[in-house]
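K.L.:
Attaching a single structure in structure tokens format; questions to follow.
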Amino acid sequence: MTEITPKPPPEDSLPEGFDPFEHLQAVYIPQHNALVKQYFSDLGDDWKPNIASPRSALRVACTMVDNDNQLMMNLRHHLLFDVLGYGRKNLVTYYGSRESIEPPVEGHPKIVFYFSQDSQSVPSGESKADAEYSVRLMSLDNTSTNLRSKLIEIANEIKTQFLESHKGIVLTKGNLGIAYKDVKHGFANGHQILTNTEADAIDIYQRICNVIDVPFDENKITVINPKKPSTIGAVTETQTILGKTRKKRAYRRVVNVRFRYAYCLIPGEPNPVFLVDTTYRYKSLVQFP
């Protein structure tokens, strides 16, 4: 009787005992960890797992390992892509025509300081309050050979001026508009900080002037004090828009916002250059804290 030799499985079939989850891990983990390595490139190529610093602790938490189950893989993915913001990297949402976007001032980079409300202080059903303040670097242009070194100097000064006890400083927003016009030093007409007191806004303007090393002149301050009071507490009034009930917008509510990060917009450079970032979402020139 002739012995029948079993035929090998066709090339397009899965091997015997194939485990889909093990296969997925073998493919997914190296891809994910490559993104983790790129996001934490400031720690160096020879980095060894440790939790000695906040950045190292985050990298350990984001890095997938072979014995991770599905829950652990999901949590590590969520931490990197959603909490730390890798999934939003280089994404910009436009509303309207791209052709109508105002171009940056010819040659001069702009430094932007971003503040936002602490998540735990946001009332249920309301959006997080935030604010941006900016200034032009009139002593530099986009082709300056020392631009990068100057931006690093500015970033270090931002840490000095806008961080206290390893946290961003806090500004109380309100209905008082404090404008500062000094075109020569980069504060254009219409630049305004909404705040609860004049002194708070002046403090922010002085800090920005210290960052870019220009003099502050209190005589260039204009105070706009509207009669309409700020919204205090949660908004209760509603209105109907397109058949849906919406809360009316709060008017210059009194709320604390904290400094989160600063970035530089350079004419001719498509991507912003982050200088300091307390959220760890962006790769900045100077590390936090």
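K.L.:
Hey, quick one: spin label on Glu126, modelled 7 Å out along Cα-Cβ, who in region 234-267 has an amide N within reach, i.e. under 13 Å?
P.N.:
Hits in region 234-267 for Glu126 at 13 Å: 234-237, 247-257.
K.L.:
Here's something else I'd like to know. Please check the chain for the longest run free of trypsin sites (Lys or Arg not before Pro) that are loop-located per DSSP (anything but H, G, I, E, B) and have at most 12 other Cβ atoms within 10 Å.
P.N.:
Segment 1-127 is the longest.
K.L.:
Stick to Cα atoms and the Kirkwood definition of Rh, then tell me Rg/Rh for the chain.
P.N.:
Ratio of gyration radius to Kirkwood radius: 1.12.
K.L.:
Next question. When N is the residue count of region 97-251, what does its C-alpha Rg come to as a fraction of 2.2 N^0.38 Å?
P.N.:
1.23
K.L.:
Give the relative contact order (percent, whole number) for the chain; include only Cα pairs under 8 Å separated by 6+ residues.
P.N.:
Taking the mean separation of contacting Cα pairs over the length of the chain, I get 18 percent.
K.L.:
Given the pairs Lys110/Lys248; Lys37/Lys150; Lys181/Lys248; Lys110/Lys167; Lys167/Lys220; Lys167/Lys283, which span a C-alpha to C-alpha distance of over 25 angstrom in this model?
P.N.:
Too far apart for the 25 Å limit: Lys110/Lys248; Lys37/Lys150; Lys181/Lys248; Lys167/Lys220.
K.L.:
Sticking with this structure for a sec: Which longest run of the chain has no exposed loop site in it, a site being chymotrypsin sites (Phe, Trp or Tyr not before Pro) in a DSSP loop with at most 15 other beta carbons within 10 Å, and the site itself not part of the run?
P.N.:
It works out to 96-250.
K.L.:
A further question on this structure: With a cap of 11 neighbouring Cβ atoms within 10 Å, and only residues DSSP puts in a loop, list the GluC sites (Glu not before Pro) found in region 194-289.
P.N.:
Here the GluC sites (Glu not before Pro) that fit, given the DSSP loop and packing criteria, are Glu237.
K.L.:
In Å and whole numbers, how far do the C-alpha atoms of region 20-88 stretch along each principal axis, longest first?
P.N.:
Computed over region 20-88, the largest-to-smallest principal extents equal 36, 26, 17 Å.
K.L.:
Let me ask something else. Amide H to amide H, which residues 5 or more places from Lys283 or on other chains are under 5 Å from it, using H placed in the peptide plane?
P.N.:
Long-range HN contacts for Lys283: none found.
K.L.:
Provide the per-residue ³J(HN,Hα) series for region 145-158, in order, calculated from phi with Karplus coefficients 6.51, -1.76, 1.60 and θ = phi - 60°, each as a whole number of Hz, with x at glycine and proline positions.
P.N.:
5, 9, 4, 4, 5, 5, 5, 5, 4, 5, 4, 5, 6, 4
No value in this document is a laboratory result; all are computed from the given coordinates. Note that this is a predicted model, so its numbers are computed, not measured. A quick note on method: Cβ atoms are made from the backbone with ideal geometry, for glycine too, and the neighbour counts reach across all protein chains shown.
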